[in-house]
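The values are calculated or read from the model by the stated rules, or taken from the named source; none is laboratory data. Keep in mind the model is a prediction, meaning the values are calculated, not measured. Cβ atoms come from the backbone with ideal geometry, glycine included; neighbour counts cover every protein chain shown. Note: areas computed on protein heavy atoms with side chains; ligands, DNA, RNA excluded. Shrake-Rupley method; radii C 1.70, N 1.55, O 1.52, S 1.80 Å.
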Amino acid sequence: MARNERLTDATPAQVWDVLADGWLYPSWVVGASRMRAVDDTWPAAGSRLHHSVGVWPLLIDDATIVEEAEPSRRLQLKARGWPMGEARVVLTLEPEGQGTRLVIEEDAIAGPGRLAPPPVRGVSIAWRNVETLRRLALLAEGRS
């Protein structure tokens, strides 16, 4: 499992506003390229984002599903990107001073990505999630 943290000046509510706008998903998730649809109930448990992964013309259409949601605190997702596989992603928003400590934990749960040894897949996931948290923080700070 990979774990990354980042401090932001945005409040947990401001960060949650970005997470709750499913149409912003490709703006902060590295690898997501476009949105095709967002369930009306996003980000409630069981709701889905219908997105594409990759770079045109090599796009894969798939979905991300909310497994658990605690507004302004925690969002647990099952991110799909077949044929690459599936990952469990947990985003935690911890109040810190006037801002928020963003924590993302991610690991492959199905597909070819699961075959890589944990230390190898952890490094590649962590590297990508440094940028994911940077983008999320910038969006939340910019909207405040």
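In summary, residue 100 fulfils each of the numbered conditions (1) open to solvent by 20 Å² or more (accessible area, probe 1.4 Å); (2) assigned to a strand (DSSP E or B); (3) over 21 Å from residue 125 (Cβ atoms); (4) in contact with a Ser or Thr (Cβ under 7 Å, 6 or more places away or on another chain) with the single exception of condition (1). The selection criterion, being touching a Leu at 6+ places or on another chain (Cβ under 9 Å), outside any helix (DSSP H, G or I), farther than 24 Å from residue 5 by Cβ and open to solvent by 30 Å² or more (accessible area, probe 1.4 Å), does not hold for residue 45.
If you go through region 103-144 and keep only what is assigned to a helix (DSSP H, G or I), modelled with pLDDT of 95 or more, in contact with a strand residue (DSSP E or B) (Cβ under 9 Å, 6 or more places away or on another chain) and charged (D, E, K, R), you end up with 134, 141.
Go through the residues of region 53-75 one by one and say whether even a single one is of a type in the set (Val, Ile, Thr), part of a helix (DSSP H, G or I) and closer than 17 Å to residue 93 by Cα. Checked region 53-75: no residue is of a type in the set (Val, Ile, Thr), part of a helix (DSSP H, G or I) and closer than 17 Å to residue 93 by Cα. A Cβ distance below 8 Å, combined with a sequence gap of six or more or placement on separate chains, defines the contacts here; from region 108-132, residues that are surrounded by 13 or more Cβ atoms within 10 Å (Cβ to Cβ) reach residues that are part of a helix (DSSP H, G or I) and hydrophobic (A, V, I, L, M, F, W, C) in the pairs 108/125; 132/28.
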